[in-house]
Amino acid sequence: MSKSRKQTFSVVKAVKSNARDRVGSPPPERVLPDPKQKQAAKPKHKPTLADMLEQSGEER
């Protein structure tokens, strides 16, 4: 079995660890919605009265 390597001191890791202890861990990242998917979900124009009447006539 080989010897484990000696850990070198890292100032960055020490500062981050200290900040986590004082403030707490950062919140998980928020996923921003894709604008193209958002546009696809919402039609650009509202359906007209004629379109709505055609759809209701087909369902009957």
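The values are calculated or read from the model by the stated rules, or taken from the named source; none is laboratory data. These numbers come from a predicted model, not from an experiment. No Cβ is skipped: glycine too gets one built from the backbone with ideal geometry, and neighbour counts run over all protein chains shown.
For this structure, a couple of remarks:
- Test: residue in region 22-35 that is surrounded by 10 or more Cβ atoms within 10 Å (Cβ to Cβ), out of contact with any Asp or Glu (no Cβ under 7 Å at 6 or more places or on another chain) and free of Cβ contacts under 8 Å to residues at least 24 places away in the same chain: no
- Looking across region 27-42, just one residue is at pLDDT 80 or above and over 14 Å from the mean Cα position of the chain (by Cα), and that is K36.
- Within region 20-60, being among the hydrophobic types (A, V, I, L, M, F, W, C) and part of a loop (DSSP other than H, G, I, E, B) holds for V31, L32.
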